[in-house]
Amino acid sequence: MSVLSTKHLLGIKYISTEDIQAIFKAATDFKEVINRPIKKVPSLRDITIANLFFENSTRTRISFELAERRLSADVLNFTASSSSVSKGETLLDTVRNILSMKVDMVVMRHPAPGAHHFLAKHIDANIINAGDGTHEHPTQALLDAFSMQEVVGNLKGKNIVIVGDILHSRVALSNVFCLLKLGANVKVCGPPTLIPKHIKELGVEVEYDIRKALEWCDVANVLRIQLERQETKFFPSLREYMLYYGINKKLLQDIGKPITILHPGPINRGVEITSDVADSDHSIILQQVENGVAIRMAVLYLLSGKR
């Protein structure tokens, strides 16, 4: 059994290119499994996994739970709103109580950046980051890159633009780390107010013109405008954002070359992209969802080898 170089998946920043390729190889095998009539394998039969979600999530939580059940793990689901956290219990006490039930792996989403690093220092279970604040979302970046690779081949030398709310997006940061490790050329594009000041220091270029960005790229990963994280207004209106940074079918037709479109969801239709783009042949959004289960199966399986 292959294993990763680390006991935890805390972020793409902390894993190697070899780890990424091992995850992709395992995901390819698991994708074949989940398309069979019998979709379960006994790989994690004696492993108990706790899903701890301190923030709302639908896609990621369901994708992880499905991946765990496909691997025959025992699954424990926990949401902060219906737990003792709402009564003031600390993160460490919450997790220690759960671990006393003999949990082997913890999948956690938490609003505080670095919460997973804190936990990894204090408990013995494998920790998988399902999103921490505006920091990282590693499995999303892995499934995005895996999906891109299925369409355009090896990502080395490919031009990939990440469009939208870069400032508030944990997906953007994980994508940048992942794509650069795989040898891609990366640009970010969005309003100046939504581009972090020091983003160029990571090795990416900044483009403020959506048409130029699309003319340059092979793949565009379009991010959601995260209004729930914006305490002040970063642009005049959603209508104005759509006018200057939204991707519609006419824009793609004017550019006149094939561009693969991704979106991690949920989509604000008519804001980041129009429905005629989201549902077009350019889009691999549903492919991302399918690949999300395979990638998460791969991560869980490979990390279990470090137990």
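Coordinate-derived values only; no laboratory data. Computed from a prediction, not measured in an experiment: that's the story for all the values here. Cβ sites come from the backbone with ideal geometry, for glycine too, and all protein chains shown count toward neighbours.
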>> How compact is the chain by the rule of thumb for globular proteins, expressed as Cα Rg over 2.2 N^0.38 Å?
In response: 0.99
>> Below 20 Å, Cα to Cα, which lysines can Lys249 reach? Residues fewer than 8 away in the same chain don't count.
In response: Lys212, Lys257
> How do 34-43, 64-73 rank on mean C-beta neighbours within 10 Å, highest first?
Replying inline: 64-73, 34-43
>> Per 0.36 nm of contour for each residue apart, how much would the distance between Ile62 and Glu290 grow if the chain were fully extended, relative to their Cα-Cα spacing?
In response: 80.9 nm
> Going by the alpha-carbon gyration tensor, a ≥ b ≥ c the square roots of its eigenvalues, is the range 125-267 rounded (a/c under 1.5) or, if a/c is not under 1.5, prolate (a/b greater than b/c) versus oblate?
Replying inline: oblate
> In nanometres, what is the gap between the two model label sites at Asn77 and Lys250, each 7 Å from Cα along Cα-to-Cβ?
Replying inline: 4.3
>> On a straight-distance basis, which aspartates and glutamates could pair with Lys306 in a cross-link, Cα separation under 19 angstrom, same-chain partners fewer than 8 positions away excluded?
In response: Glu18, Asp19, Asp46, Glu68, Asp74, Asp104, Asp124
> Pairs Lys13/Lys197; Lys40/Lys102; Lys39/Lys121; Lys102/Lys181: which exceed 25 Å Cα-Cα?
Replying inline: Lys39/Lys121; Lys102/Lys181
>> Can you compute the charge dipole magnitude of the chain about its Cα centre, using +1 on each Lys and Arg Cβ and -1 on each Asp and Glu Cβ, nothing else charged? Give it in debye, rounded to the nearest 20.
In response: 360
> Measuring from centroid to centroid over Cα atoms, what is the spacing of the range 256-273 and the range 109-132 in Å?
Replying inline: 30
> Taking Cα pairs under 8 Å and at least six residues apart, what relative contact order does the chain come out at, in percent?
Replying inline: 22
>> At a 10 angstrom cut-off on C-beta neighbours, averaged per residue, how do the peptides 155-162, 274-281, 96-103, 183-190 rank from highest to lowest?
In response: 183-190, 155-162, 274-281, 96-103
> Sorted by average packing, counted as other Cβ atoms within 10 angstrom per residue and highest first, what order do 174-181, 250-257, 265-272 take?
Replying inline: 174-181, 265-272, 250-257
>> What does the extension gain come out to for Tyr208 and Lys102, with contour length at 0.36 nm per residue minus their alpha carbon separation?
In response: 33.1 nm
> Looking at Ile162, Leu214, Ser100, which one has the Cα that reaches farthest to the positive end of the dipole of the chain (charges on Cβ: Lys, Arg +1; Asp, Glu -1)?
Replying inline: Ser100
